[in-house]
Every structure is written in structure tokens, then in C-alpha cells.
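The values are calculated or read from the model by the stated rules, or taken from the named source; none is laboratory data. Being a predicted model, the structure only gives us computed values, none of them experimental. Reconstructed Cβ throughout: ideal geometry from the backbone, glycine too, with neighbour counts over all protein chains shown. These area figures cover heavy atoms from the full protein model, side chains too; ligands, DNA and RNA do not enter into them. Shrake-Rupley method; radii C 1.70, N 1.55, O 1.52, S 1.80 Å.
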Amino acid sequence: MRIDIISVLPELMESPFQTSILKRAVDKGIVEVHFHQLRDWSQGKHRQIDDMPYGGGAGMVMMVEPLDKCITQLKSQRDYDEVIYLTPDGQTLKQSIANHLSIQQNLIFLCGHYKGIDQRVRELHITKEISIGDYVLTGGELAACVLADSIIRLVPGVLNDEQSALSDSFQDNLLAPPIYTRPEEYKGLKVPAILLSGHTAKIEDWRHEQAVQITSDKRPDLLD
Ligand code: 6GU
């Protein structure tokens with residue numbers, strides 16, 4: 001998988017890909033992440049990428065030309081499965097979206113800033129708009145990192161134990177059951193006896209019951 005991320009602040013996104021599981025995915029060659037400084041596609045010495053909105057109003061608009069040039073150049077080099085604009089007015093990210101994106105080859109992420117992008121960029125290039133929740137961030141960069149993380153961990157070979165992505169919370173619309181490790185008792189709190197019983201089938205039943213109970217307590221909306 002290859003992800004191209006277009007941003008005015010690419011530095012903001014470096015460390016998540018230089019640490020831990022995402023770094024290993026990059027080092028193993030399973031994913032490639034390429035950052036593109038949008039200002040490199042702007043005109044003139046001021047490297048302007050935003051301008052005032054036609055019709056007036058507060059805030060600046062990301063200009064169509066640098067974005068179109070950057071995306072057109074990328075598209076001339078390979079076919080992209082999706083060109084994703086990270087914006088608070090996009091579709092809210094869910095596990096099912098990450099699952100779908102994790103089986104694609106080439107993705108472009110465009111990080112929004114200011115009031116957003118000129119509408120014509122959407123018409124020319126954007127195939128999907130994603131938000132990471134109902135709150136506003138200063139820009140799409142942190143959202144792009146969240147989206148990339150949610151996708152990359154699902155790509156085969158990234159996690160050591162591929163089972164562990166399948167048993168995540170949300171993969172079956174249930175939150176995860178409680179988990180324990182040593183010691184068997186701590187400050188009088190015991191590990192549930194069933195987990196020490198060795199009865200694999202009964203343990204699976206218990207975990208499922210717990211997952212349903214916890215989901216109905218904390219996130220009943222997931223059971224609808
Ligand atoms: Cl994708 N961008 C911004 N700026 N704010 C957000 C977001 C994205 N998702 C939630 N809030």
C-alpha cells in the first residue's frame with residue numbers, strides 16, 4: 001500500500017510513522033508513506049496556497065491551482081483508489097471504513113486547513129471526505145495520522161498476530177471483553193475463575209457474554 005499525504009504542515013505527521021508498529025510496517029516495505037508540501041506547488045515567492053473567499057466572509061480558502069497541480073502530478077504517476085479529503089464535514093470514520101481502505105493499493109490524503117478547500121478541488125479530484133469525529137481540529141493533519149494508523153494496522157503482515165485485529169473492539173460491533181494477566185490476585189482482586197479453567201469453548205462464551213454486557217452498558221447504540 002502507498003499513501004500520499006498532501007499538507008502545508010507535513011512535519012506535524014512525521015513521528016507517528018517513525019515509531020512502533022507504523023514504523024515497522026514502513027521498514028518492512030508493507031506500506032509507503034510520502035509527504036507532499038503543498039507550498040511546493042504554489043506560484044511566486046510568497047508560496048501562497050490560500051486566499052480570501054469570493055463573496056466575503058471570515059477565514060481563508062485553500063486555492064484550487066496548487067492542489068490541482070499536486071494531485072494531477074501524483075495521478076499521472078499511478079492510479080489512485082481514493083483521493084480522501086480530511087475535513088470535519090466528512091463522513092465520520094468508523095471501523096468499516098478503515099477495513100475497506102486497508103485493502104486498497106494507492107491512497108491520497110489531503111489535509112484541510114483554514115476554512116477549507118475551493119469547491120472545484122472536490123469536483124475535480126476528491127472521491128471521499130472523512131472526519132474523525134464531531135469536534136474541530138486546527139487542521140486535517142492529526143486526523144490524517146489517525147486515519148492512516150487505523151488503516152495500516154489492518155494491512156496483512158503489519159500486526160504480528162493477525163488474530164488480534166480481528167478480535168478488536170468494533171470488528172463485530174461489540175466492545176472488547178475484560179482482559180487480565182499475571183498475577184491471579186492483586187489487592188484482593190481476582191482474575192475470573194473461568195479464565196483459569198482451560199475450557200476454551202466456555203471461555204469464548206464468557207468473553208462474548210461480557211462483550212455484549214459491556215457494549216449494552218457503555219455503547220448501546222452499537223447494538224441497534
Ligand atoms: Cl478531518 N479535520 C479537522 N480540521 N477537524 C476535524 C477533523 C478533520 N475530523 C474531526 N475534526
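Computed in the context of the full set of protein chains, the accessible area of the chain at 1.4 Å probe radius has 52% of its extent on carbon or sulfur.
Between Ile194 and Asp134, what length in nm is gained on full extension when 0.36 nm per residue of separation is reduced by their alpha carbon distance?
Difference between extended and current length: 17.6 nm.
Taking trypsin sites (Lys or Arg not before Pro) as exposed when DSSP calls them loop (any state but H, G, I, E, B) and at most 16 other Cβ atoms lie within 10 Å, what is the longest stretch of the chain free of them, the sites themselves excluded?
116-186
In this structure the amide hydrogen of Phe35, modeled in the peptide plane, comes within under 5 Å of the amide hydrogens of Ile5, none closer than 5 places in sequence on its chain. Sites listed here are GluC sites (Glu not before Pro) in the stretch 105-163 whose DSSP assignment is loop and whose Cβ has at most 14 other Cβ atoms within 10 Å: Glu162.
In this structure the stretch 169-223 gives 78 Å² per residue of accessible area when probed at 1.4 Å with all protein chains present. Here His46 and Gln18 are evaluated by their C-beta separation; at R0 = 41 Å the FRET efficiency comes out at 0.85. In a Gaussian network model over the chain where Cα atoms closer than 10 Å are linked, find which of Thr92, Thr200, Thr138 has the largest mean-square fluctuation. In the Gaussian network model the winner is Thr200. Calculate the length of the line joining the C-alpha centroid of the stretch 26-47 to that of the stretch 196-224, in whole Å. Between the Cα centre of the stretch 26-47 and that of the stretch 196-224, the gap is 44 Å. Beta bridges from DSSP with both residues in the chain: antiparallel share about 15 percent, rounded to the nearest 5.
The mean accessible area for residues of the stretch 2-152, using a 1.4 Å probe and ignoring ligands and nucleic acids, is 52 Å² per residue.
Which of the GluC sites (Glu not before Pro) across the stretch 1-94 are loop residues per DSSP, with 11 or fewer other Cβ within 10 Å? Passing sites in the stretch 1-94 do not exist.
Overall, the anisotropy analysis places the chain in the prolate class: the square-rooted eigenvalues a ≥ b ≥ c of its C-alpha gyration tensor yield a/c not less than 1.5, with a/b exceeding b/c.
Measuring between alpha carbons in the structure, the pairs from Lys28/Lys190; Lys23/Lys202; Lys187/Lys218; Lys75/Lys115; Lys190/Lys218; Lys28/Lys94 lying more than 29 angstrom apart are Lys28/Lys190; Lys23/Lys202. In order along the stretch 191-207, phi translates into HN-Hα couplings of 5, x, 4, 4, 6, 9, 6, x, 7, 4, 5, 5, 5, 4, 4, 4, 4 Hz, rounded to whole numbers, per the Karplus curve 6.51 cos²θ - 1.76 cosθ + 1.60 with θ = phi - 60° and x for Gly and Pro. A simple count of charges around Glu141, restricted to other residues whose Cβ falls under 12 Å of its Cβ and scoring Lys, Arg +1 and Asp, Glu -1, yields -2.
Full extension of the segment from Glu32 to Gln73, taken as 0.36 nm per residue of separation minus the current Cα-Cα distance, would add 13.0 nm. Evaluating 6.51 cos²θ - 1.76 cosθ + 1.60 at θ = phi - 60° for every residue in the stretch 150-156, the Karplus couplings come out as 5, 7, 4, 5, 8, 5, x Hz, glycine and proline recorded as x.
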